[in-house]
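**Student:** Shown below is the structure under consideration.
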Amino acid sequence: MNLKELNMHYKSSLEFSIKLSGSLICLALLFVQSARSQNSVNIDIDTNKPIAHVSKEMWGIFFEDINFAADGGLYAELVKNRSFEFPMPLMGWKQLKTGGKQASLLIVNHQKAGSSHARHAAIDLIEGPGSFVLSNEGFRGIGLEKDKQYRFSIAACSFSDSVKIRIEAEDPKNEIVGSAKIDKLTSDWQTYTVIFKCKETTAKARLNVIFEGKGKVEVDMISLFPRETWKNRENGLRADLAQKLADLHPGFMRFPGGCIVEGRELLNRYQWKKTIGPTDGRELLLNRWNVEFAKRSAPDYYQSFGLGFFEYFQFCEDIGASPLPILNCGMACQYNSAEVVSLDQLDPYIQDALDLIDFANGPQTSKWGALRAQLGHPKPFNLRLLGIGNEQWGEQYIERFKLFAAVLKSKYPEVKLISSAGPSPNGTMFDLLNKKLREEKAELIDEHYYRDPEWFLKNVNRYDTYERKDSKVFAGEYAVHIPDNMQKDTHAESHNTIWSALCEAAFMTGLERNADVVQMASYAPLLASIEAWQWRPDLIWFDNLHSVATPNYYVQQMFAVNKGDVVLSTLSKGKPLAGQDSIYATSSIDTVKGNIIVKLINTSLNARTVNLNLSGSNQLKDMITWIELSDKDKSAFNSLDNPQAVKPEMKTIKLGKRKTFELKGLSANVLVLPLSKKSNFNKN
């Protein structure tokens, strides 16, 4: 639909029966008048002039297993190296003996062709008093909460009737805060499950698996989960982190990365088929962030894939987000090995993409659709988006993308393919990809920008001059990076400042204003452990018990919850308001709820006075909602110690006659203006 047709469509759908010639409906937000004399900013919003449709997927989230975001984070498993599959098979475990007990432990490698779990522990208990203990440290400790229940499970077989297993959760003071026991073991491998209730809250517990009696016992898949996971699933997600993601109301979820899709070399690339099915059959993989940064090395960082592709699809469905999986395109990370598969060997990679679409969307009678149903989800996941490669560049990427696109679009034309514009938002590398991909009529081109605050403010108009008719843009990874010399605080969370959030918000007004070009956007990275991060800033920080939303999180939430579906003309002195007097603005209509939504960002330290003039609108209701995120200090941030230092405030205000109102210095503002007759809007 061209702009002329769009204008005619919305003029009709809004049923404007009265043309308000030369009249203005003025809004007055009652606020304390600033003592400073300032020039007011006039903002003209024309509801007779729709600019573009806003995609349902406009604001989303990007999940990558970096900063212990999966194992030790969103994936709720509390035991590290639960099946002894780390290269050092006892990493995370300690062997202890009490009461003079004589015992020995061996790690048995029973590797078989096609087997993904090659090891288990064999324990020989000699007759005598005392016990043998395997103690697990968890992910920088184990977080347990008072009065909460925890599910312990272990796969075991024993060749003696006298062998018993006790489980104890022990806090740093050596106090037992939870316990359970397993009395009878059989000589056949079985999984035993017990529940215990925690007596006290502790962030740094350890799990002791205590073996008593005489004889030989073999064990594997030693696991501990909170009983209260997201949706109370046994192989579930950490509830507080999952809820924070749900509260963002994302239009899509991009997963599983990110650089882990590529791998440092092709051998350890992410392969989705190895992440589905029973968890004890999912093959452990080195997490590429394990050794990426020497100063932030994490030798215990591996991917168990307990959180795999089935769980990703399931979570997307839970939170109403369109799934956006990213697949390896036959290229490893070009920063690391720059390894590529030869073009005549690319077919298995393309087949993986075809099979994934079948797994997500196929009928129960298809090979992969049948497996999805067997795993507990008979209905399709409605996959409509698929990324080919992560952050690749060069001619070698173009030729591989073309081969993928030819096959996938032939068989599944309804699935939109997302291509890569590389790791930078400009330069020779970007220009080549942008040109070539547009020549190939790529549907969505993924642009990434990790830059300083000034770059974001200077690039608010980046998409004003983009071609409107051809390939669209996916802003797949972006975040303001505060230079270290600007932020001296030692908190890990300290780079997620109100200033970085406001600069992102300003940039996002440019994305929304150009919603006919930019159809999707997501901040990155999403999650970070306070004790085990490799990269910052990040949207949500957490430890073993708590999580904290950053100012950047609240900006994302403010935009996503108050999205609208039609962008309106929003001008000051005839131009888009993109930094004049430090104000950035965009507006839209939510045709479902019957609201006009105005977003106003003030990046000045001082308050700014604004006149908001609406023409062409129906009558507004008396009460409007104002959501405001602000702080007087540019370096202010939220921490686990002070999680509410910067948070949005919502207030309901009665409209008055035409008056000016004031935006606080350093503030992001959303005004929700209900129209008196919602029925005037097209709700399709």
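**Student:** May I ask you to verify whether ALA578 is hydrophobic (A, V, I, L, M, F, W, C), in contact with a helix residue (DSSP H, G or I) (Cβ under 7 Å, 6 or more places away or on another chain) and at negative phi?
**Tutor:** Yes; evaluated as a whole, the condition is true for this residue.
**Student:** Of everything in segment 287-312, what is in a strand (DSSP E or B) and more than 25 Å from ILE350 (Cβ to Cβ)? Give them in sequence order. So that I can check it myself, show each step before the final result.
**Tutor:** Quick first cut of segment 287-312, residues in a strand (DSSP E or B) only: 302-303.
Of everything in segment 287-312, just one residue is in a strand (DSSP E or B) and more than 25 Å from ILE350 (Cβ to Cβ), namely TYR302.
**Student:** Follow-up question, since we're still on this one. When you go through (1) at positive phi; (2) under 27 Å from the mean Cα position of the chain (by Cα); (3) modelled with pLDDT under 95 one by one for VAL592, which number turns out not to apply?
**Tutor:** For VAL592, the failing item is (1).
**Student:** Picking from TYR412, TYR478, TYR450, TYR466, which residue would you name as being touching a strand residue (DSSP E or B) at 6+ places or on another chain (Cβ under 9 Å), of a type in the set (Ser, Thr, Tyr) and buried (at least 21 other Cβ atoms within 10 Å of the Cβ)?
**Tutor:** Answer to the check: TYR478.
**Student:** Go through (1) at pLDDT 95 or above; (2) among the hydroxyl-bearing types (Ser, Thr, Tyr); (3) over 17 Å from the mean Cα position of the chain (by Cα) one by one and return the number of the condition TYR523 breaks.
**Tutor:** For TYR523, the exception is condition (3).
**Student:** Considering only segment 562-578, state which residues are within 11 Å of GLY510 (Cβ to Cβ) and either free of Cβ contacts under 8 Å to residues at least 60 places away in the same chain or within 29 Å of the chain's Cα centre (by Cα) (or both).
**Tutor:** Going through segment 562-578, the residues within 11 Å of GLY510 (Cβ to Cβ) turn out to be 576-578.
ALA578, the sole residue that qualifies.
**Student:** Select the strands (runs of 3 or more DSSP E) contained entirely in segment 120-199, then report the ones holding at least 2 residues which are over 18 Å from GLU218 (Cβ atoms).
**Tutor:** Where strands (runs of 3 or more DSSP E) fall fully within segment 120-199 and carry at least 2 residues being over 18 Å from GLU218 (Cβ atoms), they are 142-144, 149-158, 164-170, 176-182, 190-197.
**Student:** Same structure again: Given (1) closer than 30 Å to TYR312 by Cα; (2) in a loop (DSSP other than H, G, I, E, B); (3) at pLDDT 90 or above, identify the lone condition not met by LYS101.
**Tutor:** The number of the failed condition is (1).
**Student:** Kindly evaluate ASN382 against the criterion of being among the polar types (S, T, N, Q), under 23 Å from ALA242 (Cα atoms) and surrounded by fewer than 21 Cβ atoms within 10 Å (Cβ to Cβ). Show your work before the answer.
**Tutor:** Numbers: among the polar types (S, T, N, Q): yes; under 23 Å from ALA242 (Cα atoms): yes; surrounded by fewer than 21 Cβ atoms within 10 Å (Cβ to Cβ): yes.
Criteria met by ASN382.
**Student:** Looking at the structure I just gave you, is ILE154 under 36 Å from the mean Cα position of the chain (by Cα) and more than 23 Å from GLY128 (Cβ to Cβ)? Don't jump to the end; show me each part of the working.
**Tutor:** Values: under 36 Å from the mean Cα position of the chain (by Cα): yes; more than 23 Å from GLY128 (Cβ to Cβ): yes.
It is true that ILE154 is under 36 Å from the mean Cα position of the chain (by Cα) and more than 23 Å from GLY128 (Cβ to Cβ).
**Student:** Output the number of residues of segment 426-460 satisfying the condition of being within 12 Å of PHE474 (Cα to Cα) and without any contact (Cβ under 8 Å) to a residue 40 or more places away in the chain.
**Tutor:** 4
**Student:** Here's a follow-up. Test SER630 against the criterion of being small (Gly, Ala, Ser) and either under 26 Å from VAL566 (Cβ atoms) or surrounded by fewer than 19 Cβ atoms within 10 Å (Cβ to Cβ) (or both), and give yes or no.
**Tutor:** no
**Student:** Moving to a separate point now. Answer yes or no: is there a residue in segment 116-123 that is surrounded by 13 or more Cβ atoms within 10 Å (Cβ to Cβ), closer than 22 Å to GLN190 by Cβ and in contact with a Pro (Cβ under 9 Å, 6 or more places away or on another chain).
**Tutor:** yes
**Student:** If you go through segment 167-195 one residue at a time, how many are touching a Phe, Trp or Tyr at 6+ places or on another chain (Cβ under 8 Å) and under 16 Å from VAL209 (Cβ atoms)?
**Tutor:** 10
**Student:** With respect to VAL217, is the statement that it is in a strand (DSSP E or B), surrounded by 15 or more Cβ atoms within 10 Å (Cβ to Cβ) and in contact (Cβ under 8 Å) with a residue 60 or more places away in the chain true?
**Tutor:** Considered against the rule, which asks whether it is in a strand (DSSP E or B), surrounded by 15 or more Cβ atoms within 10 Å (Cβ to Cβ) and in contact (Cβ under 8 Å) with a residue 60 or more places away in the chain, VAL217 comes out as yes.
**Student:** Among the residues in segment 66-76, are any under 30 Å from ASN390 (Cα atoms), of a type in the set (Gly, Ala, Ser) and more than 19 Å from the chain's Cα centre (by Cα)?
**Tutor:** no
Residue-by-condition table, conditions (1) under 12 Å from the mean Cα position of the chain (by Cα); (2) over 23 Å from SER337 (Cα atoms); (3) part of a helix (DSSP H, G or I); (4) at pLDDT below 95:
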| position | (1), (2), (3), (4) |
| --- | --- |
| LYS231 | no, yes, yes, no |
| ALA246 | yes, yes, yes, no |
| MET253 | yes, yes, no, no |
| GLY263 | no, no, no, yes |
| LEU267 | no, no, yes, yes |
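**Student:** Among the residues of segment 530-541, is there at least one that is outside the structural domain of VAL610 (by TED's automatic domain parsing), surrounded by fewer than 24 Cβ atoms within 10 Å (Cβ to Cβ) and not in a loop (DSSP other than H, G, I, E, B)?
**Tutor:** Looking through segment 530-541, none of the residues is outside the structural domain of VAL610 (by TED's automatic domain parsing), surrounded by fewer than 24 Cβ atoms within 10 Å (Cβ to Cβ) and not in a loop (DSSP other than H, G, I, E, B).
**Student:** Out of the residues in segment 469-522 meeting the condition of being basic (Lys, Arg) and without any contact (Cβ under 8 Å) to a residue 60 or more places away in the chain, tell me which one is farthest from ARG254 (Cα to Cα).
**Tutor:** This residue is LYS488.
**Student:** Yes or no: LYS181 without any contact (Cβ under 8 Å) to a residue 24 or more places away in the chain and not polar (S, T, N, Q)?
**Tutor:** yes
**Student:** Something else about it: Does any residue in segment 191-204 that is within 11 Å of PHE152 (Cβ to Cβ) and at pLDDT 95 or above come within less than 6 Å, Cβ to Cβ, of a residue that is assigned to a strand (DSSP E or B) and of a type in the set (D, E, K, R) six or more places away or on a different chain, and which pairs are these?
**Tutor:** Listed by first residue and then by second, the contacts come to ILE195/ARG151.
**Student:** When residues of segment 227-254 are filtered for being surrounded by 21 or more Cβ atoms within 10 Å (Cβ to Cβ) and either of a type outside the set (Lys, Arg) or not assigned by TED's automatic domain parsing to the domain that holds GLY389 (or both), how many remain?
**Tutor:** 9
**Student:** Is it the case that segment 323-330 has a residue that's modelled with pLDDT of 95 or more and either assigned to a helix (DSSP H, G or I) or surrounded by fewer than 17 Cβ atoms within 10 Å (Cβ to Cβ) (or both)?
**Tutor:** no
The values are calculated or read from the model by the stated rules, or taken from the named source; none is laboratory data. Predicted, not measured: the structure shown is a model, and the values here were computed from it. Neighbour counts are summed over all protein chains in view; Cβ atoms, including those assigned to glycine, are modelled from backbone coordinates with ideal geometry.
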